[in-house]
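J.: Pasting a structure here, questions to come.
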There are 2 protein chains.
Amino acid sequence: MPNNISDIIEQYLKRILEESGLDMVEIQRSELAEQFHCVPSQINYVISTRFTIDHGYIVESKRGGGGYIRIRRVKLDREHLVLEVLRSLGDQINQATSEALLERLYRENWITRREAQMLQNMLRREVLAVDLPLRDQLRAKLLYGALQVIAAHRD
Amino acid sequence: MPNNISDIIEQYLKRILEESGLDMVEIQRSELAEQFHCVPSQINYVISTRFTIDHGYIVESKRGGGGYIRIRRVKLDREHLVLEVLRSLGDQINQATSEALLERLYRENWITRREAQMLQNMLRREVLAVDLPLRDQLRAKLLYGALQVIAAHRD
DNA sequence: TATAATATGGTCAAGAAAAGTCAAAGTCAG
DNA sequence: CTGACTTTGACTTTTCTTGACCATATTATA
């Protein structure tokens, strides 16, 4: 029951996504906006509210001549421990906690040894050289960003 | 899906580069421009945005009669990976540059596809949510941290 | 040989063609 | 009537295209 433009555009994009069989759509923002008689930024709204990584989509775009917005569907395994972790993470995490977490993910075979080392090295406080309330927030975001990719198994 | 001339020319050059087997292509600027119905300086634009050293290419050229533009693909030296990269990038790295580098590292088999995706996702400006002089510095540090582990893992 | 003409490629800045951001205003269910 | 969601549009940023002018190498000519 789509009763507003956002829902209609959402449905439209999902239908195209289905039909194209390839889990991918590429659109031009202004063109789509014209097609649905709305302002271009409405497209951004639809995308940012309905095609987020948490919904299982990855969006790339390019500006300038020949620009585009590309939406890809990725399969998120809802059973993933990783996702659980991801959600329970909170917006701050200290070094010790992140190390323990990575250790565990490695032990349980969610990430490779090298990935674990890489992440641990990147999340050290010497690397994240900012002061403390911010540092832990940054670490949380980075970890979240890394885990998103782990949780989204594609190709 | 190339939507603009620059992309088309980029693809063309990369294909020639592939096919010629020798990691080298030599063109004449005005000739190529004519072939793609664009102004000559467009070729310079394509080269300066897509065939930089960060992307793994070296470009030489000569003016005057019998002039040419030669593009060579170069590989990173296993011994000096981190140093090479560090020297060429400095202590600040913007998102576009880091993406070029990661793509190259993947292409040259230094990192897996998943590692590349993970790092790209972590280094996005939305994730590194701090203001700009600092953000690029942080990105450089993080990339350096990742590279240390890559370099250490010399199989 | 010195000089002029010709043949290339290089630089840069203006403008166009996208997409992104953000906050104010509108809508609607509870 | 309040809070969450939606719509709009002014302004920003990024990327691409074009063209006028510049620099350099080779070739023809005095």
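J.: For the subset of region A:124-146 comprising residues that are within 9 Å of another protein chain (Cβ to nearest Cβ), open to solvent by less than 60 Å² (accessible area, probe 1.4 Å) and under 24 Å from A:V74 (Cβ atoms), which member is modelled with the lowest pLDDT?
T.: Only one residue fits best here, namely A:G145.
J.: Hey, can you tell me all the residues within region A:109-123 that are more than 30 Å from A:I71 (Cβ to Cβ) and within 7 Å of chain B (Cβ to nearest Cβ)?
T.: A:R114, A:Q117, A:N121
J.: Okay, moving on. Could you count how many residues in region A:1-25 are touching a residue at least 24 places away in the same chain (Cβ under 8 Å), under 18 Å from A:S61 (Cα atoms) and away from chain B (no Cβ under 14 Å)?
T.: Of the residues in region A:1-25, 5 are touching a residue at least 24 places away in the same chain (Cβ under 8 Å), under 18 Å from A:S61 (Cα atoms) and away from chain B (no Cβ under 14 Å).
J.: Here is a further query. How many of the residues in region B:26-50 are touching a residue at least 40 places away in the same chain (Cβ under 8 Å) and within 28 Å of B:E99 (Cα to Cα)?
T.: Adding up the residues that qualify gives 6.
J.: If you don't mind, there's one more thing I want to ask. Go through (1) away from DNA strand C (no atom under 15 Å from the Cβ); (2) free of Cβ contacts under 8 Å to residues at least 40 places away in the same chain for B:R104 and report which single condition fails.
T.: Every condition holds for B:R104 apart from (2).
J.: Let me ask another. Please return the ranges of helices (runs of 4 or more DSSP H) entirely within region A:1-50 where 3 or more residues are more than 7 Å from DNA strand C (Cβ to nearest atom) and open to solvent by less than 70 Å² (accessible area, probe 1.4 Å).
T.: Once the helices (runs of 4 or more DSSP H) in region A:1-50 are filtered for at least 3 residues that are more than 7 Å from DNA strand C (Cβ to nearest atom) and open to solvent by less than 70 Å² (accessible area, probe 1.4 Å), what remains is A:5-19, A:40-50.
J.: Right, another one. Hey, could you check region B:41-65 for residues that are near DNA strand D (Cβ under 7 Å from one of its atoms) and over 12 Å from the mean Cα position of the chain (by Cα) and say which is farthest from the other protein chains (Cβ to nearest Cβ)?
T.: Filtering region B:41-65 for residues that are near DNA strand D (Cβ under 7 Å from one of its atoms) and over 12 Å from the mean Cα position of the chain (by Cα), the one farthest from the other protein chains (Cβ to nearest Cβ) comes out as B:G65.
J.: Within the set of pairs 6 or more residues apart or between chains, which connect a residue that is on the phi > 0 side of the Ramachandran plot inside region B:80-101 to a residue that is surrounded by fewer than 16 Cβ atoms within 10 Å (Cβ to Cβ) with Cβ atoms less than 9 Å apart?
T.: If the second residue must be surrounded by fewer than 16 Cβ atoms within 10 Å (Cβ to Cβ), no pairs are left.
The values are calculated or read from the model by the stated rules, or taken from the named source; none is laboratory data. Just so it is clear, the model here is predicted, and its values are computed rather than measured. Heads up, the Cβs are rebuilt from the backbone with ideal geometry, glycines too, and the neighbour counts pull from every protein chain shown. Ligands, DNA and RNA are stripped out before the accessible areas are found, and what is left, the full protein with its side chains, is counted by its heavy atoms. Shrake-Rupley method; radii C 1.70, N 1.55, O 1.52, S 1.80 Å.
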